[in-house]
Each structure stands twice: as C-alpha cells, then as structure tokens.
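The values are calculated or read from the model by the stated rules, or taken from the named source; none is laboratory data. On a predicted model such as this, the values are computed, not experimentally measured, just so you know. Neighbour counts run over all protein chains shown; Cβ positions are idealised from the backbone, glycine included. Accessible surface is based on the protein model in full, side chains and every heavy atom, while ligands, DNA and RNA are left aside. Shrake-Rupley method; radii C 1.70, N 1.55, O 1.52, S 1.80 Å.
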Amino acid sequence: MQSKRITDSETTITELMIPSYANFGGKVHGGILLSLMDKVAYVTATKHCSSYCVTVAVDGVEFLNPVEVGELISLKASVNYVGNTSLIVGIRVESLNPITGKINHTNSCYFTMAAKDESGSLTKVPRLIIENETQLRRFCEGMELKKLSKQKRAMLKSDLNGLSIEQLKNICTQENCEVVIG
C-alpha cells in the first residue's frame, strides 16, 4: 500500500446557512454544523484511504461563536494522524459574513474514522507522509488524542463499576443533584 501525502486528501466544504438551519434562538443549530463536520471528515478520510470510512469518535467539539443565518460556513479538514485501521481528521470551522467580510472561528474538532473493506471489515489505512513542522505537530497531537481516548474508556469501565450504591451516593454529595434512590 502506497503512502499518501496530507495535501492529497485535504478538503474544504463551504455552505450557505439558510433559515431552515436555525434553532429557536435564531442561530444555526449545532446539529447542522455537526452533520457538516461529519460529511467533511468522511470525504477527507475516504480520499486518504480510497475505501469506505465510518465515524468512530468525535473529540473537542466546542462551539466558540454562534453562526448566523446568511453566513457562509467553511469546513477545512485534513488527516492529522493514521493508525493501522483508523485515522484522525482535524477540522477547522469558520463563518464568513458575506456583507461585512468578518470571519469567525466557530470551532475545531477531531473525528476518528475507521476504514472498511467491501465486506465491512476493518482494513489497513495508507501511511501518512509528513512534510512540514505543522503536519508533524498535528500527527503527534493525534497520538496523544488516541492515548487519551484509550485512557478515558479504561477509566469509565474500571473506576466506577465496582462501587456500591452508597459509595456512588457519597461521590455525588458535592454535586448539583439530589439522589433519591432507596
């Protein structure tokens, strides 16, 4: 399998935010933006892998600035990291007010995608050719994201599962909840 350059799969999608995308507050609904992020992650991953890819995880989605109806959203995506059968796609989302020319960074996030073959089984992804310092930093950040994801899954499986109801209640005493379990 031939290695691939990051620039070979970089993708930018730009879309007009229309009134039907608005939430009850009059801003563009976060779910619309997530759907567009998923789309650009899929396109980027598929271009790199030359195979069907599925979303495994989404990390770091924080909505920094609201998006207004009538603005243009640009989603810029690139492969930041590759493992054996998965890859991490970094996405930067910006809104552009076409009247004022003002650009806002609305969010950045990371989609972990897995490559599948024709039968639906995981398949190996091409190696990544790293050509500059930014790409090298992003690759190393991807390695750290992968480690954190594994640690988070392990923590959720082990730390709380063995505790009694009383121990769990005690943990929650300082939180904003009222435990009414018998």
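Rounded to whole Å, give me the distance from the Cα center of segment 42-87 to that of segment 102-165. Here the answer is 11 Å between Cα centres.
For segment 119-169, the square roots a ≥ b ≥ c of the C-alpha gyration tensor eigenvalues yield an a/c of 1.5 or more together with a/b not exceeding b/c, which makes the shape oblate.
Here the gap between T100 and K27, fully extended at 0.36 nm per residue and compared with their Cα-Cα distance, gives a gain of 24.5 nm. Heavy-atom surface analysis with a 1.4 Å probe gives the chain a carbon and sulfur content of 54 percent of its accessible area. Could you tell me whether segment 7-153 comes out rounded, prolate or oblate from its Cα gyration tensor? Rule is a ≥ b ≥ c as square roots of the eigenvalues, rounded for a/c under 1.5, then prolate if a/b exceeds b/c, otherwise oblate. Prolate, because a/c is 1.5 or more and a/b exceeds b/c.
Once the Cα-Cα distance is subtracted from the 0.36 nm per residue extended length, the E10 to T134 segment shows a gain of 43.2 nm.
Over 32 Å apart at the Cα level, from the set K76/K124; K47/K157; K4/K102, are K47/K157; K4/K102. Net charge near S149: determine it from the other residues with C-beta under 14 Å of the C-beta of S149, scoring Lys and Arg +1 and Asp and Glu -1. After counting each charged neighbour, the total is +3.
For the residues K169, K116, K146, a GNM of the chain with alpha-carbon springs under 10 Å puts the largest fluctuation on K169. Within the listed set C49, C140, C172, the residue fluctuating most in the Gaussian network model of the chain (springs between alpha-carbon atoms under 10 angstrom) is C172. Under a Gaussian network description of the chain, with springs only between Cα atoms under 10 Å, the residue in L64, L156, L136 that fluctuates furthest is L156. Residues whose amide H falls under 5 Å from that of N80, counting only those 5 or more places apart or on a different chain, are I88, V89, G90, with hydrogens built in the peptide plane. A simple charge model with +1 on the Cβ of Lys and Arg, -1 on the Cβ of Asp and Glu and nothing else charged puts the dipole of segment 25-74 at about 180 debye relative to its Cα centre.
Straightening the chain between L148 and R127 buys 5.4 nm, computed as 0.36 nm per residue apart minus the Cα-Cα spacing.
Here the dipole of segment 1-133 is about 180 debye; that uses its Cα centre as origin and unit charges on the Cβ of Lys and Arg (positive) and Asp and Glu (negative). The trypsin sites (Lys or Arg not before Pro) of segment 4-86 include none that meets both conditions, a loop assignment by DSSP and at most 11 other Cβ atoms within 10 Å of the site Cβ.
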